[in-house]
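Peer 1: One structure is given below, represented as structure tokens, and several questions about it will come after.
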Amino acid sequence: MSKALEFYEVSAKKGSVKAHKVLARFHERNGDIDVYIKHLKVVASAGDQDSMDDLLKLYKNEALTKDELTQTLRAFQASCIEMKNKDRHFGKNFTAANGGINPLGEAQPADLIKAAKRSRRSIYS
């Protein structure tokens, strides 16, 4: 497990949110609460709702200060707002309105499968 842990640590240092989440769970199981909280804050700041819920539980159990929670909550909210920008919604609505063709003129895989089912041809033949 130590070699895998090293790879996750390298990935986390390079910015992988998934690696931070894996490391948080590892440190939680091993009882290293300070490192667990550190990784959870990074994941929650990236917009992960489960990690934010875990931090709220830690705050209720007084394992996290109000300042730490406030700072992470602000980063979480900023990340969520960023994911709800107008361009994303425009692209999604444009794709839906144009029969599965996105603004770049590319068909979406799910729409290709639907089209194949409508034409009653197998997509695998």
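Rule-based calculations on the coordinates, nothing more; no lab input. All of these numbers come straight from a predicted model, not from anything done at the bench. Don't worry about glycine lacking a Cβ; one is built from the backbone with ideal geometry, like all the others, and counts go over all protein chains shown.
Peer 1: Identify, by number, the condition in (1) over 21 Å from Gln77 (Cβ atoms); (2) surrounded by 11 or more Cβ atoms within 10 Å (Cβ to Cβ) that Asp34 doesn't meet.
Peer 2: Answer for Asp34: the failing condition is (2).
Peer 1: Of the numbered conditions (1) closer than 14 Å to Ser79 by Cβ; (2) over 18 Å from the mean Cα position of the chain (by Cα), Leu58 fails exactly one; give the number of that condition.
Peer 2: Going through (1) closer than 14 Å to Ser79 by Cβ; (2) over 18 Å from the mean Cα position of the chain (by Cα) one by one, Leu58 breaks only (1).
Peer 1: From the set of residues in segment 13-38 that are part of a helix (DSSP H, G or I) and under 14 Å from the mean Cα position of the chain (by Cα), which is nearest to Glu82 (Cα to Cα)?
Peer 2: Val17
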